[in-house]
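The values are calculated or read from the model by the stated rules, or taken from the named source; none is laboratory data. Source: prediction; values computed, not measured. In this analysis, Cβ positions are derived from the backbone assuming ideal geometry, glycine residues included, and neighbour counts consider all displayed protein chains.
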Amino acid sequence: MIGALFPLAKPLLHRLDAETAHNLTLRGLAALPPLRPPADDARLAVEVLGRRFPNPVGLAAGFDKGAEVPDALLGLGFGFVEVGGVVPKAQPGNPRPRVFRLTQDRAVINRFGLNSEGLDVVRGRLAARKGRPGRVGVNIGANKDSTDRLADYVACTRALAPLVDFVTVNVSSPNTPGLRDLQGEAFLDELLARVVEARDATHPATAILLKIAPDITLEALDAMTATALRRGVQGLVVSNTTIARPGTLRESGLARETGGLSGRPLFTAATRLLAEAHLRVGGKLPLVGVGGIDSAETAWTKIRAGASLLQLYSSLVYAGPGLIPEIKAGILTRMKAEGATQLAPLVGRDAAALAKLPG
């Protein structure tokens, strides 16, 4: 029903600036009566992170920063939803305008700067939904003005781990000055050690995931995957938005805006990095493939590159929620053609070839 209405609402939403349109979408979802998630074909179920996901198609962090509508989003057919990013103290983020649609490129640039209502507000909302069905994770970060960023991640982990299925450690947002410095080997080792310790002290069953940037070198990827394995992280999210600006972008004026680029132009770089990560961790860590998923074909490519789970966000701006069942149906069609009854044997099948995608 909601998917069918999107083509009617899209012209109105796209006349508004992107952030206003997004806020109206959140209000609309909050006003809807509770939706029962559609039953998924059993062949789409994925067993990872110690949990069963009804299907692999998830919503990436950034859409529901404040955990306002996770259940409404699950009702659209997502197999899981990641809320946040969340930081300990409320912060407004960067000045508006801070998000831009590159319509001709089916892309988005944002420089939100981890705007957040803060840990207490998000914890209250997640506590209120505790016990409801549906897989929900949370993305955590550090305050822009923090004097101890490691402590910020620990505080978020301690408060939120008992309320979610997984916690994603975000050290790859390009919009918080210095945050990507935490991807360095020494910083990352201490950060993950302290986050895992905080998780173990509060709710050991909650999975810890690490989200990485698409702009890192293969040498940095070597170090990050080794650190994640050593510190007992349960999965990697590959990848965040990029600071690069491909020469193929058609919206050349908007492309000059600072911030992270997401959507279709990110697909190749993010998928190549995903495949490289799979080649390094093999079956030791499940991977969440993010970046440029806007069709069943791109979703299927992510699986072949090594993704056990998928996340999308920017494509919803252009295709709406009807994209979710379209992707799931397309995955099933491809599974049938392969004679597969489960996704697991297909994950990473073509990683070696996809790691060589042209840049």
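I303 fails exactly one of the following numbered conditions: (1) surrounded by fewer than 21 Cβ atoms within 10 Å (Cβ to Cβ); (2) in a helix (DSSP H, G or I). What is the number of that condition?
(1)
Go through region 276-293 and count every residue that is outside any helix (DSSP H, G or I) and surrounded by 20 or more Cβ atoms within 10 Å (Cβ to Cβ).
Number of matching residues: 9.
Test of understanding: among T258, T217, T242, which residue is of a type in the set (V, I, T) and either in contact with a Leu (Cβ under 6 Å, 6 or more places away or on another chain) or closer than 29 Å to L160 by Cα (or both)?
After ruling out the rest, the residue left standing is T242.
I'm trying to understand the selection: among the residues of region 34-64, which are of a type in the set (A, V, I, L, M), over 30 Å from S172 (Cβ atoms), out of contact with any helix residue (DSSP H, G or I) (no Cβ under 7 Å at 6 or more places or on another chain) and assigned to a loop (DSSP other than H, G, I, E, B)?
Scanning region 34-64 gives a single hit, A39.
Name the single residue, out of those in region 324-359 being out of contact with any Asp or Glu (no Cβ under 7 Å at 6 or more places or on another chain), closer than 16 Å to G291 by Cβ and modelled with pLDDT of 95 or more, that is surrounded by the most Cβ atoms within 10 Å (Cβ to Cβ).
So the residue we want is I327.
Out of T242, T202, T227, I need the residue that is within 18 Å of the chain's Cα centre (by Cα) and among the hydroxyl-bearing types (S, T, Y). Which one?
From the options T242, T202, T227, the qualifying one is T242.
Whether any residue in region 27-50 is closer than 19 Å to R132 by Cβ, touching a strand residue (DSSP E or B) at 6+ places or on another chain (Cβ under 7 Å), surrounded by fewer than 17 Cβ atoms within 10 Å (Cβ to Cβ) and among the basic types (K, R) is what I want to check.
No: zero hits.
Quick check on my filter: what residues within region 245-271 are farther than 11 Å from V108 by Cα and either among the aliphatic types (A, V, I, L, M) or over 17 Å from the mean Cα position of the chain (by Cα) (or both)?
R245, P246, G247, T248, L249, R250, S252, G253, R256, T258, A269, A270 - these are the residues of region 245-271 that are farther than 11 Å from V108 by Cα and either among the aliphatic types (A, V, I, L, M) or over 17 Å from the mean Cα position of the chain (by Cα) (or both).
Step by step: first the residues of region 224-248, then only those that are of a type in the set (A, V, I, L, M) and surrounded by 18 or more Cβ atoms within 10 Å (Cβ to Cβ), then the one that is nearest to L261 (Cα to Cα). Which residue is that?
V238
State the number of residues belonging to region 1-22 that are surrounded by 12 or more Cβ atoms within 10 Å (Cβ to Cβ) and either at pLDDT 95 or above or under 18 Å from G62 (Cβ atoms) (or both).
9
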